[in-house]
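What follows is a set of notes on a single structure, which appears directly below.
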Amino acid sequence: MTEETLTITEQTGRLDKVVADEFTDYTRTQISKWIDDGVLLVNGDIKKAKYKVHEGDVVTFTVPEPVVLDVRPQNIPLDIIYEDDDLLVINKPQGMVVHPAAGHPDGTLVNALMYHTKLSTINGVIRPGIVHRIDKDTSGLLMVAKNDKAHEALSADLKAKKNLRQYYALVHGEFTENKGTINAPLARSKADRKKQAVVAGGRDAVTHFEVVKRFVGYTLLRVTLETGRTHQIRVHMAYIGHPVAGDPLYGPKKTLAGNGQYLHAATLGLTQPTTQEAMQFEAPLPDYFEQALDQLKPYAE
């Protein structure tokens, strides 16, 4: 990995532009991503891409080693909820990685999609067609673009917060309130690079929740994303003291047995890119989730 350092002298303007102008080997898009991920720091602190640099600021970042992967189509079964010429809606099982990465070179959703259909090229060879992601051990609905025009339209709607994305989350603890909103910015944790954390100056992150059912020691929530940051629901729920059950990264050691967090992307609303039709899709709770709920004792109110 390459370590880079820049001390601001006469440069002025936005952080992302200044760094891109100084380090021409990297694109501004790459630099913006490193800023968002908390890889690029100013005086040891996370800043936003629009931060205006000052004389004496010290910018540091570590350039990740490029991972060369041969992404090939694989005949892996898909649970296709909807498909047309522009897009697919997939019900992803728990345990399936969305796209290849170090440690997961194949067997991913992308490998399966490449076997099934042509995909948009906007995200390159590693993430073709992938408009948004859910974690490996989160189950549920994902939209996938078949062509670049559809990808651009779906991505623009996502950025403009026009999509409905609702999850079921089984969390630790009992709620007195019936609903609420968590508004806390997120960025990569300085203490653990595998984690995201609530960080002042991080990217805006807003999560709405409402109680579906109360159990002794646990609560089933319906969670609606206003923004879609990495691990957002998992970090926000841990932040308010109600980590997602089964979460190996943000939850307690003593939790429900299983293969990861009890989090399911149940509802997805989108606008069809060509016809502009409003569409909404549902995916019922998978068996592993239902079985966990059956083992819990309902809370007597």
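Nothing in this text is a laboratory measurement; each read-out follows from the coordinates by a stated rule. A quick note: this is a predicted structure, and the numbers were derived from the prediction, not measured. Cβ placement follows ideal geometry from the backbone for every residue including glycine, while neighbour counts extend to all protein chains displayed.
Counting each pair of different Cα atoms once, what's the Kirkwood radius of segment 114-180 in Å, rounded to one decimal?
14.3 Å
Could you list the GluC sites (Glu not before Pro) in segment 1-35 that lie in coil according to DSSP, counting only those with at most 10 other Cβ atoms within 10 Å of their Cβ?
Those satisfying the criteria are 10.
How fast does segment 233-301 diffuse by Stokes-Einstein, in µm²/s, taking the Kirkwood radius from C-alpha pairs at 10 °C and 1.306 mPa s?
Approximately 110 µm²/s, per Stokes-Einstein.
For a quick check: sort 50, 213 by the number of other beta carbons within 10 angstrom, fewest at the front.
Result, fewest neighbours first: 50, 213.
Calculate for the chain the 222 nm mean residue ellipticity that helices alone would give, adding -39,500 (n - 2.57) per DSSP H run of length 4 or more and normalising by residue count, nearest 500 deg cm²/dmol. Before the final figure, lay out each step's value.
Values: 6 runs with 53 residues, N = 301.
Calculated from helices alone, the mean residue ellipticity at 222 nm is -5000 deg cm²/dmol.
Looking at the chain, send over the antiparallel percent of its DSSP beta bridges, to the nearest 5.
The antiparallel fraction comes to roughly 95 percent.
Please compute the contact order of the chain in relative form: average sequence separation of alpha-carbon pairs under 8 Å and at least six residues apart, divided by the residue count, as a percent.
With pairs under 8 Å counted, the relative contact order is 15 percent.
Given 37 °C and 0.692 mPa s, compute D for segment 1-111 with the Stokes-Einstein relation, Rh being the Kirkwood radius over Cα pairs; round to the nearest whole µm²/s. It would help to have the intermediate numbers written out before the result.
Numbers: Rh = 16.9 Å.
It diffuses with D of about 194 µm²/s by this estimate.
Roughly how many whole Å is it from the C-alpha centroid of segment 199-240 to that of segment 261-288?
Rounded to whole Å, the Cα centres lie 18 Å apart.
Below 8 Å between Cα atoms, with a sequence gap of 6+, how large is the relative contact order for segment 67-160 in percent?
Result for segment 67-160 is 31 percent.
Quick one: plug the Kirkwood hydrodynamic radius of segment 2-63 (C-alpha pairs) into Stokes-Einstein at 37 °C, 0.692 mPa s, and report D in µm²/s.
294 µm²/s
For segment 67-160, what mean projected area does the convex hull of the alpha carbons give, in nm²?
Taking a quarter of the hull surface, the average projection is 5.7 nm².
Stretched out fully, how many nm does the piece from residue 290 to residue 253 gain, at 0.36 nm a residue minus the Cα gap?
11.1 nm
Across segment 67-160, how many lysine pairs separated by 8 or more positions, or lying on different chains, have Cα atoms within less than 19 Å?
7
Test of the criteria: in segment 232-301, which trypsin sites (Lys or Arg not before Pro) are in a DSSP loop and have at most 12 other Cβ atoms within 10 angstrom of their Cβ? Show your work: numbers first, answer last.
Details: sites: 234, 253, 254; in loops: 253, 254.
Sites meeting the loop and neighbour criteria: 253, 254.
Taking the alpha-carbon set of segment 141-253, what are its Rg and Dmax in Å?
According to the Cα coordinates of segment 141-253, Rg and Dmax are 15.3, 49 Å.
Where does the chain land on Rg(C-alpha)/(2.2 N^0.38 Å)?
1.07
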